[in-house]
Every structure is written in C-alpha cells, then in structure tokens.
1. Just to confirm the filter: which trypsin sites (Lys or Arg not before Pro) across segment 2-44 are DSSP coil and have at most 14 other Cβ within 10 angstrom of their Cβ?
2. For 58, 118, write out the residues from largest to smallest accessible area, computed with a 1.4 angstrom probe and no ligands counted.
3. Just the number please: accessible area per residue for the chain, 1.4 Å probe, all protein chains included, in Å².
4. For segment 497-587, would you read off the P(r) tail past 19 Å as a percentage of all alpha carbon pairs?
5. Can you give me the angle between helix 566-580 and the longest principal axis of the chain, using Cα atoms only, in degrees from 0 to 90, rounded to the nearest 10?
6. Amide H to amide H under 5 Å from residue 208: which residues, 5+ apart in sequence or cross-chain, H placed 1.01 Å off N in plane?
7. Given the options 334, 110, 381, identify the residue whose Cα lies farthest towards the positive end of the charge dipole of the chain (+1 on Cβ of Lys, Arg; -1 on Cβ of Asp, Glu).
8. More than 16 angstrom separation, counting every C-alpha pair in segment 73-186; what % is that?
Amino acid sequence: MLSTFSDKTNFIWSIADLIRDTFKRGRYQDVILPFTVLRRIDQVLEPTKDAVLETHAKYKDRFDTPPDALLRRASGYAFYNTSPYTFGRLLADPANLADNLRAYIAGFSANMREVVEKFDFDNTLGRMDDAGLLYMMMERFNAIDLHPDRVPNQQMSYIFEELIRKFNEALNENPGEHFTPREVVRLMVRLLLAPDGERLQTPRLVLTANDPCCGTGGMVITFKETVLASNPGADVHLFGQEVNPETYAICKSDLYMKSADGRDAENIAFGSTLSNDHHAGRRFDYQLANPPYGKDWKMDQAAVEREAERGYAGRFGAGTPRISDGQLLFLQHMLNRMQLPSPPGTGAGGEGGRVAIVMNGSPLFTGDAGSGESEIRRWILENDWLEAIIALPEQLFYNTGIATYVWVLSNRKAAQRKGRVQLIDASDLWRPMRKSLGDKRREIAEEHIAEVVRVYQGATHLRAAVVEQDNTIVEDAWDKQGNTQVRCTSDFGYRKVTIERPLRLNFQASAERIARLEDERAFQNLAHSRKRDKAKRAAEEAEGRRLQQAIRDMLATLPGTLFKDRNAFERALNRVAKQAGVKLTASVRKAVLNALSEQDETAKLDALVAKSQEAIERLAEYRTALIAAAVTGKIDVRCNALTNGI
C-alpha cells in the first residue's frame, strides 16, 4: 500500500521505466504530469459522475448546451466531465482506448479542458498509442489513489513539486525556475503576516494575495492556509500568473479541486507577467514570489522597454536591469501592485501592501552607481519600502547551493522602522537533511523560522545611535543584537566620484625598450597583408618588413637619454624620423610611444594637464574639509544624504 509521500512520488516516478525507450529523459514530464493530474481529477469527479450524466441527459435536448451552472452543481465543483468515461471504464475497452481517452478529455468543462490542453497531451497520447504503451500507463495510474480525501492538497503539492524537481534535475534546468522549498515559503508567509496579528483576527476579514510567477501555487496556497488557521472566517482571494504551461496547469487544476466555486483557480492566469500582466489594474494586500534566478528577459524585452519609457506611469519607471537577469523587474512589478495605504485622517482606501520575495545575491550587489540595478535599489530606498533583508543558509534549494535572500517590503512601515532597514543573518540557522535532494543538503526547521520571525519583530525596539566623545564620533554604534542590525536607508547609498590622475611617463630609446616594439600589434601588422593575390600580398608584406627595419634603425639613432618631458622626446623622434625619411602613421607612432615609455610619477606634465591636476587637488582638499565638518558635528549628513547610487 502506498501510504507515504515518498511512496507515492517514487511510484509515479517509477512509471518512467515504461516509457524510457519511447521518450527521451527530458520528455518524461510530458507523460507523467498530465496522467497524474488526470488521475486526481478523475477520482474527484467519480462520486458525482452519474449525477452529472443524468443532468446532462436531462437538459441536452432542451438547450443547445446544458446550463453550466447546473452541471457544476451536479459535480460539486466548478468543473465537470460529461463523457461517459472514468479511468476504470476506459480500461474496460482497450481496443478503443486512445479514441475514448480523447473523448474523455473533450468531455471536460471549458475551464478544465483549457487546463488539460496546456500539457499538449494529444501528441503524447498518439505516440504512446503507436508504441503500445497507453494501456499500461492507464493501468499503472489507475492503481494509485490520489483522491484529496487520502492525499490532501498540501501533500499533492509536495508530490507535484518533487516530480518537477526530478524533471529539472534530469534536464539541469534553472534552479529557481519552478520550486521553492516549503520551509522557505513558510518563513516568507510568517514574515509577511508578523506585524498583522491583530488585523488577522478581524471578523469577516477579506484579503488578497498574489504571486506573479506562481509555479504550482505553493506560496499563495500556503499563505491562505496560514491565514485560515488563524481566522477560519477570513475570506482570502488568491491571484497568480505563470508562464510555464505545465506548472500553470498543475496549479490551476489543484485550485479547482480545493473549492466548490473555483474562484481562486479562475484568478490564475497564463503568460508572462513582465510583458502581459493579466491582473493589470489590481492591487494586493500581500504578495510573495520566487522569480527565476539569472534568467534573461529577452522574450519580454520589447514590451518591458516600451513600458519603461512611460516612466512611473508604468511598472518599470525606476529603470531596467541588465538583460541577463529579470529578478528586479518582478520586484518592481510587485511594488507597483501593492495595495495603497489610506491617506492620513481619511479612513478611505486600503491598509497598504506587503511584499516578500526570495532572490539570489545579484539584485543586492550587481550594478555600479547609475546602472539600472542601482537606480532600482535607490528608488526602493528613497521610497522607504524596504523593511528587512534576511540572508538564508546555502544549500537550501534543490538544484543549486547558492546563497539566497528574502526581502521584506511594505508601504505601511511601522513608525519605528521608518527610514531604517533591518539586516538579519540567518545563514547559520539550519539542520542537515537525513537524505540530500540534489543540491539541497540543509533545511530550515520550525524553530529556526520562529527565531527569524522573533528577531524580525524585535527590530521595532532597535534605534540608530551615535556614540560621541569630545564632540567626535568614535563609533558608528548602530544597534546590533546577535545576528541582526538596523541601518539608516541612506547608509546604503554612495556617490561615485572618478578621479583621473594624469598619466606621467618617461621615454628612452634603450635596446630593451626598442625590443618591446616587436610586441605591439600595429608594428606587427606592418608585415601582414590582406590582399588575395599572392604576388601582391608578397610584395606588400616585403615592403612592410622593409619599413619595420627602417623604424628599428631610425630608433637606434635616438639619444639614449632618459626623457621626462614628453614634448621634448616627441621633438627628438620627429627629427630622427625626418632624417631617416620614415613616415610614421598614427597607429605606428602610438606603438612606438607605448614601447619606449614607462610610468614615472616624477615626469613632467604639460601646462594644461598641470592646471587640471591643481584643480583636482583643490577639490580633494575641499572634500577632506567637508568630512571633517561632518565628523565634528558642524554639518549633519546622516539620514538626509542624497543617495546617488545604491
């Protein structure tokens, strides 16, 4: 009997043995995922199958299409199947199995048929029938019990996600593409809800939650279950969007089976959130996401850049990151979709929005001042939305051991958090797994989640402090408690000032330096020709070698004196070149100067460069004086500084 999560997952995965000679390893999911979904749907609908068929027969002659509402009521769900088949009845007629299975799929209500068709199952079905595998597959899946009464939705989500993990592992796919470890999801949900304990107890509470890259729906489903555990009377509306057709189908089908009205399932959209947001115009109380790490957004580039040109009238007004990583685009989208807080004193509007997103280190560290990434971070900090960043343990995700970070953001910060960002180091809060799953060798236990949440909530008691001694700052004593600290938002900003020092060179026509000319590309190219005609090419290369030797001979006539004045050396070079009858092109002249020069801080500057250097030194003196004034308290630059780069 298959009683545990592992038993069921391993049984389904073992079915791959039947198809390994017909399907490549990378195509196993084309067979296994749709059959798993169909088996679960079949078991859900089987108890009311006869009632649906009776309702369909009763009304099919009265209406061209029997009323959808009556068939939904008969099935007990927001979907139904009007074909006469179940898995058991399909197996009873093996000779016509393929045709009957197609009729079975066609018998689904439009909403569920759209889900099943995302698997592109018809092509797979034909290949299996041709290979004589269809009956065996149906028989194997008919033997496993996936009914929600025996396999609750949460456990089924684990099964789907474990199967997807195995598929990704086989294909070596992007580790952040589909799956977030459940303990990370629980941590993110707890962090989102941590400040709202009192609000969650409100009678007839109505909330909205969204995941713009929802995968199989684990984040929003866990969010809803957590809220309902605290307040069973709450009405939580889930929303999401997913670009991968298979994971979209899994998410939507499972949500259809979680409720009679199918409301949450109807709110899951298919397509790319970045280029085609199906929930445009909506705002949400809570949002969670694990966007793909290091995945380019070339497919969305045209639409994203058009929207970015609209400035803050669109979602990407702060800027766009480099094309190789779209994580910060998803974060901008989520911040744009936060529920707006009520204007002070009006009582109108919402209660603001909260966001939790898990990303790798790239959004934290990539991008110099003024880059797209820097401007996005600057926008977030200047709007004071960032509450906390939590560093997670490594080796936590399934296909990668990279470091990851949870960002918590809100447009309704508590008063104690305003102008502040909390940093939490949770990288040591983990325990080893009894059995590794790919690169996942560690997990976060419930006590670790509780500790992170406790530290996060404790930050409301932290405040920025400065220790002074004799009117001089001797320590930047921002409050630290163990593995957390709180920083002023402006501490993350900086100005980038590029100070270019003039290049000082000396010149000498020594034998050693003349020999370096042989390594200069422009000098080497003199003896190379691109002409196709062999005779002409040979003649040109011979002329080039003659010129090379003439240059060597000419340089040997230069005095061996060490020149510290570039102008004086160039006058000497011009004189010997004229005497030798050698004409130096710009590129060859540059090669000669490169070969015969060395850096020398005592070399002479020309008049214009010297004046520029004098101005730079005066600027440096001014900067030193400004810093001294700030340190002694004559100028307060803390927390009010302009952030030029983040």
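1. On the way: sites: 8, 20, 24, 25, 27, 39, 40; in loops: 20, 24.
Here the sparse-neighbourhood loop sites are 20, 24.
2. Details: 58 115, 118 50 Å².
The ranking, largest first, comes out as 58, 118.
3. On the way: 31380 Å² over 646 residues.
Each residue of the chain exposes 49 Å² on average to a 1.4 Å probe.
4. Details: 2099 of 4095 pairs.
For segment 497-587, the fraction of Cα-Cα distances above 19 Å is 51 percent.
5. Taking the Cα atoms of the chain, the angle to 566-580 is about 70 degrees.
6. Amide H neighbours of residue 208: 237, 285, 286.
7. 381
8. Working: 4649 of 6441 pairs.
When every Cα pair of segment 73-186 is considered, 72 percent fall beyond 16 Å.
The values are calculated or read from the model by the stated rules, or taken from the named source; none is laboratory data. All of these numbers come straight from a predicted model, not from anything done at the bench. Note that each Cβ is placed from the backbone with ideal geometry, even for glycine, and that neighbours are counted across all protein chains shown. The area values use the complete protein model at the heavy-atom level, side chains included, leaving out ligands, DNA and RNA. Shrake-Rupley method; radii C 1.70, N 1.55, O 1.52, S 1.80 Å.
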